[in-house]
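Take a look at the structure set out below.
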Amino acid sequence: MKPNALLALLSDRRIHSGESLAKELGVSRTAVWKQIKRAVSEGLEVKTIRGQGYQLVSTLDLLDRDRILAALPEECRKLVALTTLSEVGSTNAEVARQLVSANGLVPIVLADAQTAGRGRRGRNWSSPRGENLYLSLGLTFRGGFEVLDGLSLVLGVAVARALQSLGADDVGLKWPNDLFARGQKFGGILVEIQGELQEGQVQVIAGIGINVHMKEAPGIDQPWTSLAGTWPGRAWVRNDLAAAIIDEVVSIVNVFESGGFEAFRAEWQARDIFFGQPLVAREGTLAGRGAGVDNTGNYQLETEAGLVSVRAGDISLRVVP
C-alpha cells in the first residue's frame, strides 16, 4: 500500500473506520494502523477516535502529476518528462537515473517525501512528507564546463520569478544558492555535474528544495521560515508552485545557454541579501563589504585592496556580527 493512497482517502477530513479504509485499499486493518502511525511520525496530525476510526487534522497538499502538467504552457509541457513519487531517497538521484534515457526531454522528479535529501556540502535537508517542495531537473548544455558559470544563481532568479508570480514579494537570494525571506532561509538550490563531458555536452542535475507548509524542523541550526509562514495570506499549493517553477526554469535555461550569466546579473544583484553588508570569507582571512557578483557569478568583496572575487567552491561568506 502506498502512503499517499491512504492519505488521499483521509484528505476529506472526515472520520473513516479502520475497516472501511482496509477494504478500500485491499489491505488489513493492521496495515492501515501502521501507515497511520507512520504518517503521525512524519509530522501529520491524525486523530484516533475510539469506536469510530481515524480523522486527518493536518492540511494535506499531495502532488498530482496531471494537475502540474495541465498548469504548464503547452510548449513547456512538450519539453519535459515529469515524474511524481510518494517517496524517494533523493529526487536528484532519481533524475540521474532517468537522464540515461531522457531522449532529449528534461527529466523532472518531484516527491512528497525524501529519505536522503541533501543540501550544499552534503548537509542533510529536512524533508517531511507533504510539507515542502522537493524538485529536481536534469539539464543538458552544449559546450564545456565553463558554460555552467553562474547557473545556480540563474536558477535562483528563476525560482524568485516564479514565487513572485504567485504572490511572494521581496524574495532574497543569498550567494551562491539559498532563498531567503526577511532574514530567514526558506529554500535552496543544489547543482551537481553529472558524469564527464560527452560529445560537446555537459549534464547537470538541479535540485530545488522549498519549505512550503513546514512548521517544525528539529535539528536545523539556522533561522528558517516557510512560504506559508512568511506569506500566510496566500493559499500555497505545491502543484501550482511546482508548475510555476518548472515553467520559469525551462524558459530561463534556454536564454542562459545562449547568453550566459550576464543577462541575469542585474536581476540577481537586485535580490542580493549580502550587498553592502560587512562580510568575512576564507575562514576569516578576507574581510570587506558585499559588492555583488562578477559576470561569471563569483561573489565580490570591496576590500581595502579593491574588489576581490571569491568562488562558490572555495569559501563560504558570512555576515560579521
Given backbone amide H placed at 1.01 Å from N, residues whose amide H is under 5 Å from that of ALA81, ignoring those fewer than 5 places away on the same chain, are VAL106, ILE108
The alpha-carbon center of region 246-292 and that of region 132-188 are separated, in whole Å, by 10 Å
For region 67-211, averaging the sequence separation of alpha carbon pairs under 8 Å that lie six or more residues apart and dividing by its residue count, the contact order in percent is 22 percent
For region 212-321, listing GluC sites (Glu not before Pro) in a DSSP loop whose Cβ sees at most 12 other Cβ atoms within 10 Å gives GLU216, GLU283, GLU304
Once phi for every residue in region 187-204 is put through the Karplus expression 6.51 cos²θ - 1.76 cosθ + 1.60 (θ = phi - 60°), the whole-Hz ³J(HN,Hα) values, with Gly and Pro written as x, are x, x, 10, 10, 10, 10, 6, 9, x, 9, 5, 10, 6, x, 10, 10, 10, 9
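Using the 10 angstrom Cβ neighbour count as an exposure proxy, how do LEU56, LEU133, LEU317 rank, fewest first?
By the 10 Å Cβ count, ascending, the order reads LEU317, LEU56, LEU133.
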Given backbone amide H placed at 1.01 Å from N, residues whose amide H is under 5 Å from that of VAL212, ignoring those fewer than 5 places away on the same chain, are ASN132, LEU133, LEU227
Which residues qualify? For ARG271, with a placed amide H closer than 5 Å and at least 5 residues away or on another chain, they are none
For ARG67, the net charge from surrounding residues (Cβ-Cβ under 11 Å; K, R +1; D, E -1) works out to -1
Scoring region 3-56 by relative contact order with C-alpha pairs under 8 Å, at least six apart, yields a percentage of 43 percent
Under the helix-only model (-39500 (n - 2.57) for each DSSP H run of 4 or more, divided by the residues of the chain), the mean residue ellipticity at 222 nm, to 500 deg cm²/dmol, is -9000 deg cm²/dmol
Most exposed first, judged by fewest Cβ atoms within 10 angstrom, ILE246, ILE252, ILE49 run ILE49, ILE252, ILE246
With DSSP loop assignment and no more than 13 other C-beta atoms within 10 Å, the trypsin sites (Lys or Arg not before Pro) in region 67-109 are LYS78
For 201-211, 161-171, ranked highest to lowest by mean beta-carbon neighbours within 10 Å, the order is 201-211, 161-171
In whole Hz, the Karplus estimates of ³J(HN,Hα) for region 241-246 (6.51, -1.76, 1.60; θ = phi - 60°; x where Gly or Pro) are 5, 4, 4, 5, 5, 4
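List the relative contact order of the chain as a percent without decimals, with contacts defined as Cα pairs under 8 Å and 6+ residues apart. Don't skip to the end; give the middle numbers.
Working: 591 pairs, mean separation 43.8, N = 321.
14 percent.
Quick note: the coordinates plus some simple rules give every number you see, no bench work behind them. Bear in mind the structure is a predicted one, so any value in this text is a computation, not a measurement. With ideal geometry, Cβ positions are generated from the backbone for all residues, glycine too; neighbour counts draw on all protein chains shown.
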